[in-house]
Amino acid sequence: MKSKENLEKTMFSYTIDSNGLEEENKLLRETISQLKSEVDKFKTPALLVGEIMDLTEENAIVRLPNGNSFLVEISNSVKNIKPGDSVLLEQKNLTVVDKVTKSKKFNVEQFVILEKPKVSWSDIGGLKEQIEDIKEVIELPLIKPELFKKVGIQPPKGILLYGPPGTGKTLLAKAVASSTHSAFIEIVGSELVQKFIGEGAKLVKEIFQLAREKAPSIVFIDELDALASKRIDIGTSGEREVQRTFMQFLAELDGFKPLGNVKVIGCTNREDILDPAIIRPGRLDRLIMVPGPDEDGIREIFKIHTRNMTLDKRIDLDKVLKKMKEFSGAEIKAVCTESGYFAIRSNRKKIIEEDILKAIKKVMKEEEKLGKDILKMYG
Ligand SMILES: Nc1ncnc2c1ncn2[C@@H]1O[C@H](COP(=O)(O)OP(=O)(O)O)[C@@H](O)[C@H]1O
Ligand SMILES: [Mg+2]
């Protein structure tokens, strides 16, 4: 009896074991088939992306990114394509094998910075006149367009902020976006022409499309000179490409209404090389110079950036402020941050005069080094 029981037990345990093994076997088989399909993916050649130019009953004319066009077959599985669609082409005979269903919005939002900034006018030191100007030509028309209609004048569609780097141009643009609760769409001119070769003009188009969708909105273009500089000749294809992007930008600017709720703010520290086409009436026709801070400005900017810091009462403010005479807003901010680091390194929570003096020296040195590097570059 005993042995029969034992035998049954053993058999039972084998059944469990074999169940486990089958389970494991199944898993392994699944893994193999997964790996096989991975390997297959590596074996299949890459597909080309092209654009449908035109369609006949059975064929399509597609354009490849290199500009060449071909008359090609369309695979039966591909339905509903129209001119303008992006499609995938098989490499050998360029048969259209699939449609690229990419969401346009997704595309452009990937390439621009889109935000609702929180910068208040009180975060800006100095620049009183500039702030008044911007309130008048950007803020007021966005908040009270009916006022302009009644009086019968047209506000500018956009403005150009120019002046040395680090003086608060971006800050001003963000502040007006905040005060008007506008979406802030930021693009950098040099990136537009360098990163998106062949796509610049299309991207510009989509950026303005996005701006209209998100309105009220402000399109902010930093380093506008990279896009809109007066060129002596447009010989190379790269330059022609920049020219095309610029033309698209002008067309978009001309295309929307002055009283709409999309505004454009351009920004440059090289206004001397700007193509005058950009500042023609009806375009970015209000030019606002943003200079470095004067004495009061320096004081205000210093106060703004130290407002959350604890300063030792014995600091001779006049003395330290004088040492920042030629500093830009960005450099004054750097001094404040660096002072904080010097205090932390000495295990203090309070900033003392020495921290600030050391920070000023450090920022000056960095400035000098930068100056030398630039000289070398042009050397
Ligand atoms: N007038 C200013 N008031 C307060 N902070 C400033 C001012 N100018 C510059 N800054 C500080 O320097 C940083 C960089 O300035 P930014 O607006 O980008 O300069 P720009 O666009 O003119 O090169 C800002 O984020 C801000 O912290
Ligand atoms: Mg800036």
- Please enumerate the residues belonging to the range 247-279 that are touching a helix residue (DSSP H, G or I) at 6+ places or on another chain (Cβ under 8 Å), of a type outside the set (A, V, I, L, M), modelled with pLDDT of 90 or more and away from ligand 1 (no atom under 16 Å from the Cβ). Gln248, Phe249, Glu252, Asn261, Lys263, Asp275
- State all residues of the range 275-285 that are touching a residue at least 60 places away in the same chain (Cβ under 8 Å) and either of a type in the set (A, V, I, L, M) or within 16 Å of ligand 2 (Cβ to nearest atom) (or both); if no residue qualifies, say none. Ile278, Ile279, Leu284
- Quick one: which of Ile207, Ile218 is closer than 17 Å to Arg283 by Cβ, at pLDDT 85 or above and in a strand (DSSP E or B)? Ile218
- Scan the range 149-168 for residues that are within 16 Å of ligand 2 (Cβ to nearest atom) and out of contact with any helix residue (DSSP H, G or I) (no Cβ under 9 Å at 6 or more places or on another chain) and jot them down. Pro164
- Task: Scan the range 262-278 for residues that are outside any strand (DSSP E or B) and buried (at least 19 other Cβ atoms within 10 Å of the Cβ) and jot them down.
- Result: Ile278
- Query: So which of Gly292, Gly282 ends up being touching a Pro at 6+ places or on another chain (Cβ under 7 Å) and either away from ligand 1 (no atom under 11 Å from the Cβ) or farther than 27 Å from Gln154 by Cα (or both)?
  - Reply: Gly292
- the range 6-30 residues that are surrounded by 10 or more Cβ atoms within 10 Å (Cβ to Cβ), paired with ones that are charged (D, E, K, R) (beta carbon under 8 Å, 6 or more apart): none
- Task: Would you tally the residues in the range 159-184 being within 16 Å of ligand 1 (Cβ to nearest atom), at negative phi and not in a helix (DSSP H, G or I)?
- Result: 8
- Item | Flag for Leu192 being within 16 Å of ligand 2 (Cβ to nearest atom), outside any loop (DSSP other than H, G, I, E, B) and outside the structural domain of Gly84 (by TED's automatic domain parsing) | yes
- Kindly establish whether Ile288 is within 16 Å of ligand 2 (Cβ to nearest atom), in contact (Cβ under 8 Å) with a residue 12 or more places away in the chain, under 30 Å from Lys322 (Cβ atoms) and outside any loop (DSSP other than H, G, I, E, B). yes
- Query: Inside the range 181-222, can you point out the residues that are of a type outside the set (Val, Ile, Thr), in contact (Cβ under 8 Å) with a residue 60 or more places away in the chain and farther than 30 Å from Asn66 by Cα?
  - Reply: His181, Ser182, Ala183, Phe184, Glu213, Lys214, Pro216
- Note on the structure: Going through the range 342-363 in order, the residues found to be assigned to a loop (DSSP other than H, G, I, E, B) and within 18 Å of Met324 (Cβ to Cβ) are Ile352
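Results for (1) away from ligand 2 (no atom under 14 Å from the Cβ); (2) within 27 Å of Asp294 (Cβ to Cβ), shown as yes or no for each residue.
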residue: Gly125; (1), (2): yes, yes
residue: Leu147; (1), (2): yes, no
residue: Ser179; (1), (2): yes, yes
residue: Val188; (1), (2): no, no
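The values are calculated or read from the model by the stated rules, or taken from the named source; none is laboratory data. Worth saying up front: this structure is predicted, and the values here are computed from it rather than measured. In this analysis, Cβ positions are derived from the backbone assuming ideal geometry, glycine residues included, and neighbour counts consider all displayed protein chains.
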